Amino acid sequence: MPPSARKFHQLPEGFYISRWKELGQAEADFRRYDVKVVLQNIYILFSRIEIPIAEKDKEIMDLVEHSTPQPPRFKEDDLSNYTALYERSGLIGPLQVPYRSLRKEFTIVNPKIQVPTLVIMGGKDYYLKFPGVEDYIMSGKVKEYMLDLEITFLPEGTHFVQEQFPDQVNLLITTFLKNHT
């Protein structure tokens, strides 16, 4: 099992995943702002190099100063389109899989991916700072669970590497698919 799933307890109480996995926590944090501001804040937070961790008595959305500009690659049209979509569907649905499913017990007997797999990561992705993650990936231990794995790092990329370098990511994906058909 990847170390990130086991070691969240090693991160401070204000760790964003610890906060958002609890029912009502994200809802209260997000409710203070309109959808557009929440999305903008998430893009700002997840484009940084550090793990989003709030101080005691603060919320995750408090980590973004109101004057902080959105990442240059995240255009106003993008923000407007995402806002319209999330105003219809709500913001809570996307929290179910990455955050709220963490407390569920999984009964997968042999958790191995046996098909060719491509992972494209930013070299500055804050996820690499989760306890044990960088070592898990760099040491090759991850290949015990993903038997035919190719990992490509885009050195200047952060958590949204696909939006920072869309041409490079598309080329990597299409090349991978051509090599595995």
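Scaled against 2.2 N^0.38 Å for its residue count N, the alpha carbon radius of gyration of segment 43-169 is 1.23. In order along segment 147-164, the phi-based Karplus estimate (6.51 cos²θ - 1.76 cosθ + 1.60, θ = phi - 60°) of 3J(HN,Hα) comes to 5, 10, 9, 10, 10, 10, 9, 9, x, 8, x, 10, 5, 9, 4, 5, 8, 6 Hz; Gly and Pro are listed as x. Annotation: for a label point projected 7 angstrom from Cα along Cα→Cβ of residue 81, residues of segment 139-181 with backbone N closer than 13 Å are 163. Extending 7 Å from the Cα toward the beta-carbon at both residue 28 and residue 162 defines two label points whose distance is 3.3 nm.
Among the listed pairs 36/112; 56/124; 56/141; 58/112; 36/56, which are separated by more than 29 Å between their Cα atoms? Display every interim value, and only then the final one.
On the way: 36/112 38 Å; 56/124 26 Å; 56/141 35 Å; 58/112 39 Å; 36/56 25 Å.
Exceeds cut-off: 36/112; 56/141; 58/112.
Using only side-chain charges placed at the Cβ, +1 for Lys and Arg and -1 for Asp and Glu, the dipole size of the chain relative to its Cα centre rounds to 520 debye. Taking 7 Å steps out from each Cα toward its Cβ at residue 108 and residue 58 produces label points 3.5 nm apart. Over the chain, dividing the summed -39,500 (n - 2.57) contributions of all DSSP H runs of at least 4 residues by the number of residues returns a 222 nm mean residue ellipticity of -10000 deg cm²/dmol.
Between the Cα long axis of helix 76-89 and the first principal axis of the chain there is an angle of about 80°, rounded to the nearest 10.
FYI, it's all coordinate maths here, none of it is from the lab. What you see is a predicted model; the values in this text were computed from it and never measured. FYI the Cβ positions are ideal-geometry reconstructions off the backbone, even for glycines, and counts take in every protein chain you see.
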